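Structure, as structure tokens:
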Amino acid sequence: MIKPLILGNKTFPINIIQGPLAGISCAPFRALAWRYSQPAFSCTEMISCKTLLHSSLKTQQRFIEKDPQEGPVCFQLASSDPLELAEATKKVTDLGADLIDLNCGCPVKKIRSKGAGSRLLTEAGTLYKLIRAMKDNTHLPVSIKIRVEGGQEKFNQEIAKVVSEAGADFLVVHGRHWTEHYETPCRHEEIQFFVEALKIPVIGNGDIADVESLQRMFATGCAGVMLARAGVGRPWLIAKLIADMHEEPFTLPSNTEMGVVFIEHVQRLAALLGNEKFAILQARQFAKYYAHRLQLKAKFVEEVNVCSELGDLEAIALRYFE
């Protein structure tokens, strides 16, 4: 199941990917994932093409910066305008993207109201034009990341037809409908539909957190898998999954080491954002994931949530992760 992954004109040594995460998967997060796990590639946060083309460099920086210590990166774009997407595709190609993805799964109302994200799944004509806009303006592999329709086979058939005719190099399928939350189990059978309906590689996404869930996803026949939130606070997860699949031993990082990694993550965020307070606000989103093995997890998260200085945050982490 663990094998090289061929996507368009690129070949990756393994077929497990670190996916996009809003507010999380900027360069500091991806660099840590690469250090500990070396995924096939990692994804940026979703980037609005309007931000990419019209905002200040300072605003764009958190979305476009690549760390010299990270591996291949897929830039995930968001747009409903083919002309805008064409220009954004050219720009991220020049910025050093290794692959380019169009988000067609975001369920957020603000994104859908602009005709982007999961709204595109009901606009076959627009979706075709958007895929062509990417294909016609880069030499890199391009994909779209979708959600399934949740039992409506006709819908999935229409999406498969558009993806195939437009010439996407691969497809990423999250096994939930856009209205469903994480408590709804991943619909593996609908991912399998796309695997069987398309000649291009399909990447399965949803609920991958351990070797059993990884095996369930590979059982769909998908060429590769993408995990996302399970990797937060566990940059070593992909390496552990590979070891488990090969029935090889794997030593988890100590709590002390994970505390140091948490601090490094926040410090790198502060440097990227140029603002310690913004970095601390973001750290509040992922502190609980780093603390998943701590006996005093709730108290640690509580202290992080009221902390306002980076030095204080570092001291808190060192105390709880000792």
>> Among Tyr182, Val195, Leu237, whose Cα projects farthest towards the positive end of the dipole of the range 163-246, with charges put on the beta-carbon of Lys, Arg (+1) and Asp, Glu (-1)?
In response: Leu237
> Among His292, Pro249, Ile47, which residue has its Cα positioned farthest towards the positive end of the charge dipole of the chain, with +1 placed on the Cβ of Lys and Arg, -1 on the Cβ of Asp and Glu, and the dipole taken about the Cα centre?
Replying inline: Ile47
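If you add up the charges near Leu252, with Lys and Arg at +1 and Asp and Glu at -1, over every other residue whose beta carbon is less than 10 angstrom from its beta carbon, what do you get?
Here the charged neighbours net out to +2.
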> Could you work out Rg/(2.2 N^0.38 Å) for the range 216-308, with Rg from alpha carbons only?
Replying inline: 1.29
>> Treating only the Cα positions of the range 41-165 as identical point scatterers, give the base-10 log of I(q)/I(0) from the Debye formula at each q in 0.19 Å⁻¹.
In response: -1.03
>> Using Cα springs under 10 Å in a Gaussian network model of the chain, which residue among Phe250, Phe75, Phe193 shows the largest mean-square fluctuation?
In response: Phe250
> If contacts are Cα pairs under 8 angstrom and at least 6 residues apart, what is the relative contact order of the chain in percent?
Replying inline: 15 percent
>> Given all pairs of different Cα atoms, what value in angstroms does the Kirkwood hydrodynamic radius of the range 97-228 take?
In response: 14.8 Å
> Once the Cα atoms of helix 297-306 and of the chain are each reduced to a long axis, what angle between those two axes, in degrees from 0 to 90 to the nearest 10, is obtained?
Replying inline: 90 degrees
> About the Cα centre of the range 136-238, what is the dipole size in debye to 20, counting +1 per Lys and Arg Cβ and -1 per Asp and Glu Cβ, all else neutral?
Replying inline: 200 debye
> When the accessible area of the range 9-161 is computed with all protein chains present and a 1.4 Å probe, what percentage of it is carbon and sulfur?
Replying inline: 51 percent
> What's the local net charge at Lys240, with K and R +1, D and E -1, over the other residues with C-beta under 12 Å away?
Replying inline: -2
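Which value, in Å², gives the accessible area per residue of the range 77-133 when a 1.4 Å probe is used on the protein heavy atoms?
Normalised by residue count, the accessible surface of the range 77-133 is 42 Å².
Please compute the alpha carbon radius of gyration of the range 1-77, then divide it by the globular-protein estimate 2.2 N^0.38 Å. Two decimals is fine. Display every interim value, and only then the final one.
On the way: Rg = 13.2 Å, N = 77, 2.2 N^0.38 = 11.5 Å.
Here the Cα radius of gyration is 1.15 times the empirical estimate.
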> From the phi of every residue in the range 157-170, what ³J(HN,Hα) in whole Hz does the Karplus formula 6.51 cos²θ - 1.76 cosθ + 1.60 yield, where θ is phi - 60° and glycine or proline is x?
Replying inline: 5, 5, 5, 4, 5, 5, 4, 5, 5, 7, x, 4, 7, 7
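Please report the projected area of the chain's Cα convex hull averaged over all directions, in nm². Don't jump to the answer; show the numbers that get you there.
Working: hull surface 62.3 nm².
Spelled out: convex hull of the Cα atoms, projected over all directions, averaged, 15.6 nm².
The values are calculated or read from the model by the stated rules, or taken from the named source; none is laboratory data. Remember, predicted model here, so these are calculated numbers, not experimental data. Glycine also receives a Cβ, built like all others from the backbone with ideal geometry; neighbour counts cover every protein chain displayed. The area values use the complete protein model at the heavy-atom level, side chains included, leaving out ligands, DNA and RNA. Shrake-Rupley method; radii C 1.70, N 1.55, O 1.52, S 1.80 Å.
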